[in-house]
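A.B. asks: First the structure, which I've put down as structure tokens, then a few questions once you've had a look.
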Amino acid sequence: MFAFLRKSPIFPWVGNRLRSARSGGETDSAVLRGLACGAHLKYANGAPWNTVAAPHPAPKWERARLKAMWGVITPEQWHEMGQQLLDGQISTPLWDMAMGARAALLVRQDGAPVYEQAWNDAIGRLLVDRFGPHHPELRSTATAVGQVITRVPRYEARFREDGLLPPHTCVRRTLAWDLGRAANMACWGVDAGFAHPGEARQALRAIGTAAAEEYDTWTDFSLSYVLGRCLHFDEDTFGPWYREVRTSHHLLTSRGDSPWREVALHD
């Protein structure tokens, strides 16, 4: 699902801009933290990052986009989709299963490098414990997770080459990919007429809390989002799906007017 393609129906060329509303922006720090989780997409779409509702919403167009890209056609489905994204259940469970196994190995090995064979062995044990040795889904799940184990180090190596990831470190999980889209889903629901701003603000507070519980810094959050987007769309090409978010990562983690400079991840 090309769910982040949300250029303005009136001004489709305004993407890839960091914008902040000069008036009408949110003031609650917890809401702003949730909105800041959606900063990558806000930048890509050229939308002000600090507002819950678009200044000139187009509900009919927004509903058509949500239907086409997300299968969301009712307020109930909007709410359910937002909750699934908040819970990390749309794109990230399989990826985070693999990365969680690696994280556990890193702890056991006092930070020593985790090699692919050891990682695969750990996943094999985890899946047998979870499904049982004869479960019909065991082999297909192991194959899918094995592909993640192969792909993640390739992306991390490229992240290091491009200055996103420090040497000898790795990305811990990809929940931010779902949280970032959850933040935008909250706003899209208002623009589509599926929700009142108050409902979106409540969702954004929960998203910001989840991000703060999971990540130490906005940079960690951003790397998680970048990896999630690459695993979802890039197909190991290091093409525009990666290059675009690489640009927004550098911008959001360095510019003084970045949402992540204005809003603390932790109180």
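A.B. asks: Out of all the residues in segment 71-113, which are open to solvent by 70 Å² or more (accessible area, probe 1.4 Å) and either in a loop (DSSP other than H, G, I, E, B) or in contact (Cβ under 8 Å) with a residue 12 or more places away in the chain (or both)?
C.D. replies: Narrowing segment 71-113 to residues open to solvent by 70 Å² or more (accessible area, probe 1.4 Å): 73, 76, 79-80, 83, 87, 89, 107-108, 110, 113.
Correct list: Ile73, His79, Asp87, Gln89, Asp110, Pro113.
A.B. asks: Now for a different question. Go through segment 207-222 and report how many residues are open to solvent by less than 10 Å² (accessible area, probe 1.4 Å) and either among the basic types (Lys, Arg) or closer than 15 Å to Arg246 by Cα (or both). Working first, answer last.
C.D. replies: Start the filter on segment 207-222 by keeping residues that are open to solvent by less than 10 Å² (accessible area, probe 1.4 Å), which leaves 207-208, 211, 221-222.
Filter once more, so that each one left must be either among the basic types (Lys, Arg) or closer than 15 Å to Arg246 by Cα (or both): 221-222.
Residues meeting the conditions: 2.
A.B. asks: Can you pull out every residue in segment 237-260 that is open to solvent by 60 Å² or more (accessible area, probe 1.4 Å) and either touching a residue at least 24 places away in the same chain (Cβ under 8 Å) or in contact with a strand residue (DSSP E or B) (Cβ under 7 Å, 6 or more places away or on another chain) (or both)?
C.D. replies: Glu244, Thr247, His250, Arg255, Asp257 - these are the residues of segment 237-260 that are open to solvent by 60 Å² or more (accessible area, probe 1.4 Å) and either touching a residue at least 24 places away in the same chain (Cβ under 8 Å) or in contact with a strand residue (DSSP E or B) (Cβ under 7 Å, 6 or more places away or on another chain) (or both).
A.B. asks: Take the residues in segment 53-70 that are outside any loop (DSSP other than H, G, I, E, B) and among the aliphatic types (A, V, I, L, M), then tell me which one is nearest to Asn184 (Cα to Cα).
C.D. replies: Step one: list which residues in segment 53-70 are outside any loop (DSSP other than H, G, I, E, B), which gives 59-70.
Filter once more, keeping what is among the aliphatic types (A, V, I, L, M): 64, 66, 68-69.
On the way: Ala64: 16, Leu66: 11, Ala68: 16, Met69: 13 Å.
In this case the residue turns out to be Leu66.
A.B. asks: Which condition breaks for Gly163 when tested against (1) surrounded by fewer than 16 Cβ atoms within 10 Å (Cβ to Cβ); (2) within 13 Å of Leu227 (Cβ to Cβ); (3) at pLDDT 95 or above?
C.D. replies: Failed condition: (2).
The values are calculated or read from the model by the stated rules, or taken from the named source; none is laboratory data. Keep in mind it's a predicted model, so treat the numbers as computed, not measured. All Cβ positions, even for glycine, are placed from backbone atoms using ideal geometry, and neighbour counts span all protein chains on display. Remember, those area values only see protein heavy atoms, side chains included, never the ligands or the DNA or RNA. Shrake-Rupley method; radii C 1.70, N 1.55, O 1.52, S 1.80 Å.
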